[in-house]
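First comes the structure, then the notes that go with it.
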4 protein chains.
Amino acid sequence: MHGEIGSKVWAIAEGYIPGESTGPEPEMTSHETACLLNTSDADAHVNITIFFSNREPVGPYSIIVPARRTKHVRFNDLKDPAPIPRDTDYASIITSDVPIVVQHTRLDSRQNANALLSTIAFAA
Amino acid sequence: MHGEIGSKVWAIAEGYIPGESTGPEPEMTSHETACLLNTSDADAHVNITIFFSNREPVGPYSIIVPARRTKHVRFNDLKDPAPIPRDTDYASIITSDVPIVVQHTRLDSRQNANALLSTIAFAA
Amino acid sequence: MHGEIGSKVWAIAEGYIPGESTGPEPEMTSHETACLLNTSDADAHVNITIFFSNREPVGPYSIIVPARRTKHVRFNDLKDPAPIPRDTDYASIITSDVPIVVQHTRLDSRQNANALLSTIAFAA
Amino acid sequence: MHGEIGSKVWAIAEGYIPGESTGPEPEMTSHETACLLNTSDADAHVNITIFFSNREPVGPYSIIVPARRTKHVRFNDLKDPAPIPRDTDYASIITSDVPIVVQHTRLDSRQNANALLSTIAFAA
């Protein structure tokens, strides 16, 4: 309906999953999300690579975003090839075989009222 | 005065209206907003389409932003063709017949002090 | 040293100064800021125009950002030609005779712990 | 693996390190961060220059982001040529000899629950 919108390569330079949380799981668990939007009529095969400060990148984490769907991927839930460590600086590159749109969000509930941040990712 | 500024197609990959709130309505109700700015001398006919993770997109939601006006549209208030479900991941595409500027904001008051996020949307 | 960086026209579609605050003034007063950065070797003559939902735009508000300086302008402090009303949706266009960079920030201290939002503005 | 992604010149117009904090150091200390991502196979030699409202810029602060690494630089920790003053408006220009991606984040813990803001920086 809307055709292809976005970019095939995105970067998120910020990344940090707080190790502590306040409130009911899973909605108030401290987490980071990559919101992926695929407006096209083809499934998007997405690969996420995680960069660290002191070791080689890890990935790819492979995700399918079906045609005309959004998928909000919690970095907390990434398991294969390895979980993302908590309380650790990271960054990510997201590639897709069809154009997608990517937005980055964190919920931080370490203290007694949650904080939020969000930004459009960088379209390379 | 400023002529046409912006784009005719915008994407917001994040979307989530918390189902709970703390504080007086409507200002402290948990909500998401698409802030639309039309600097042109013609009315903007805007269509919003909502994308989900597990079903076909819903829309269009039709909105007019008059010439030289801003309209801050709460996704909570969208009713036709269908209300946006709470506590549900979504994303949106916003199209307009004249260039506009779009910014996305959430107020989350589930816990005892509100959190905010905001980002410029993606100009396609 | 860095020459001219940025754009001569910027848009901020979000705008809302909460009418209530918690904590010491002025640092914890609910406010919105346009952060202006002029990296060039010439003073920037900046004009801000405010757009509303239900009446004609107001402005220009004239500001000088000296060469190689940043100025973080609180919308709360704009007085001429008219103060910005509280608890009211608005948006803004910022023009400059030399390229500048603009970022938009809100501090909301209506409840008992402040919230923040920020985004790069839209470079037209 | 991903080659060069990003830009060699970035601007962050917002900048303010709150002088007060609530909670354990260093994770809950009020701070600002420039998240730098270098996806290339060459080390990035990064220079940060800090702009103020009432005096000449200070810098460069020199940082190396190794090949295929991210470095989340706390402005609080910058010391040479001079520390960044607290409770003071500033802005920054970040240059690199290879393309990098930059995201700006603040954690503000002055009140009893922290607030966050983040945005992609402006790619010049």
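The values are calculated or read from the model by the stated rules, or taken from the named source; none is laboratory data. All of these numbers come straight from a predicted model, not from anything done at the bench. Cβ coordinates were reconstructed from backbone atoms using ideal geometry, including for glycine residues, and neighbour counts include every protein chain displayed.
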Of all residues in region B:92-124, which are more than 15 Å from the chain's Cα centre (by Cα) and not in a strand (DSSP E or B)? B:109, B:110, B:111, B:112, B:113, B:114, B:124
Is at least one residue of region D:53-71 in contact with a Gly (Cβ under 9 Å, 6 or more places away or on another chain), within 25 Å of residue A:18 (Cβ to Cβ) and not aromatic (Phe, Trp, Tyr)? yes
I need the full set of residues from region C:1-21 which are within 9 Å of chain B (Cβ to nearest Cβ) and among the β-branched types (Val, Ile, Thr), in order please. C:9, C:12
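So that you can scan it fast, the table gives a plain yes or no per residue for (1) at pLDDT 95 or above; (2) in contact with a His (Cβ under 6 Å, 6 or more places away or on another chain); (3) more than 14 Å from chain C (Cβ to nearest Cβ):
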| position | (1), (2), (3) |
| --- | --- |
| B:46 | yes, no, no |
| B:76 | yes, yes, yes |
| B:79 | yes, no, yes |
| B:90 | yes, no, yes |
| B:105 | yes, no, no |
Since residue A:42 meets every condition but one in (1) buried (at least 16 other Cβ atoms within 10 Å of the Cβ); (2) among the aliphatic types (A, V, I, L, M); (3) away from chain D (no Cβ under 13 Å), which condition does it not meet? (1)
When region A:4-23 is checked residue by residue, the ones that are over 16 Å from residue B:91 (Cα atoms), in a loop (DSSP other than H, G, I, E, B) and under 18 Å from the mean Cα position of the chain (by Cα) are A:13, A:14, A:15, A:16, A:17, A:18, A:19
More than 10 Å from chain D (Cβ to nearest Cβ) and in contact with a strand residue (DSSP E or B) (Cβ under 8 Å, 6 or more places away or on another chain): is that true of residue C:65 in this structure? no
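Yes/no per residue for (1) in a strand (DSSP E or B); (2) closer than 28 Å to residue B:111 by Cα; (3) touching a residue at least 40 places away in the same chain (Cβ under 8 Å):
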| residue | (1), (2), (3) |
| --- | --- |
| B:2 | no, no, no |
| B:25 | no, yes, no |
| B:33 | yes, yes, yes |
| B:45 | yes, no, yes |
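If you go through region D:11-39, how many residues are among the charged types (D, E, K, R), surrounded by fewer than 22 Cβ atoms within 10 Å (Cβ to Cβ) and under 30 Å from residue C:38 (Cβ atoms)?
Of region D:11-39, the ones among the charged types (D, E, K, R) are D:14, D:20, D:25, D:27, D:32.
The next check asks that each one be surrounded by fewer than 22 Cβ atoms within 10 Å (Cβ to Cβ); those that pass are D:20, D:25, D:27.
If we keep only those that are under 30 Å from residue C:38 (Cβ atoms) as well, we get D:20.
Total meeting the criteria: 1.
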Count, please, the residues in region B:65-84 that happen to be surrounded by 13 or more Cβ atoms within 10 Å (Cβ to Cβ), of a type outside the set (D, E, K, R) and out of contact with any helix residue (DSSP H, G or I) (no Cβ under 9 Å at 6 or more places or on another chain). 9
Among the residues of region A:68-91 satisfying the criterion of being assigned to a loop (DSSP other than H, G, I, E, B) and in contact with a strand residue (DSSP E or B) (Cβ under 8 Å, 6 or more places away or on another chain), which is nearest to residue A:118 (Cα to Cα)? A:89
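Identify all residues within region B:108-121 that are more than 8 Å from chain C (Cβ to nearest Cβ) and touching a Leu at 6+ places or on another chain (Cβ under 9 Å); write none if there are none. Explain how you work it out, then say what you get.
Taking region B:108-121 first, the residues more than 8 Å from chain C (Cβ to nearest Cβ) are B:108, B:110-111, B:121.
Listed by number, the list holds a single entry, B:108.
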Determine if region D:50-73 includes at least one residue that is touching a residue at least 60 places away in the same chain (Cβ under 8 Å) and among the small types (Gly, Ala, Ser). no
For residue B:109, state whether it is closer than 20 Å to residue A:121 by Cα and crowded, with 19+ Cβ neighbours inside 10 Å. no
